Ligand SMILES: [Zn+2]
């Protein structure tokens with residue numbers, strides 16, 4: 001059994017609420033994060049591509065993070081890309 005955290009964010013493409021999992025941003029304690037929330041753990045700064053795509057339209061979801069806080073979605077090229085098992089590649 002793997003644990004994860006949940007991010008709820010409005011998809012920039014279809015405008016619907018996307019509910020996606022992350023294994024990289026929080027403490028993997030089934031917390032839910034949205035815009036304005038701050039992660040307890042790693043302080044990422046920059047565009048972060050979440051491993052799950054929008055479940056409605058398949059759009060790749062990228063969020064802007066500043067000092068561990070979710071600012072919103074972004075169309076910037078990602079600085080971090082989360083892979084399937086929560087590894088993060090820094091570009
Ligand atoms: Zn979408």
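The numbers here are math on the coordinates, done by the rules we state, and not lab data. Note that the structure is predicted; figures quoted are calculated from it, not measured. As a convention, Cβ positions derive from the backbone with ideal geometry for all residues, glycine included, and neighbour counts pool all protein chains shown.
A few remarks follow.
- Filtered residues of the stretch 43-86 (kept if touching a residue at least 60 places away in the same chain (Cβ under 8 Å), in contact with a strand residue (DSSP E or B) (Cβ under 9 Å, 6 or more places away or on another chain) and part of a loop (DSSP other than H, G, I, E, B)): 75, 86
- Among (1) free of Cβ contacts under 8 Å to residues at least 60 places away in the same chain; (2) within 16 Å of the ligand (Cβ to nearest atom); (3) in contact with a strand residue (DSSP E or B) (Cβ under 7 Å, 6 or more places away or on another chain) - the single one residue 14 does not satisfy: (3)
- In the set (1) surrounded by 20 or more Cβ atoms within 10 Å (Cβ to Cβ); (2) free of Cβ contacts under 8 Å to residues at least 24 places away in the same chain; (3) within 16 Å of the ligand (Cβ to nearest atom), residue 7 fails one condition alone, (2).
- Those residues of the stretch 16-33 which are loosely packed, with under 13 Cβ neighbours inside 10 Å and assigned to a loop (DSSP other than H, G, I, E, B), in sequence order: 27, 29, 30
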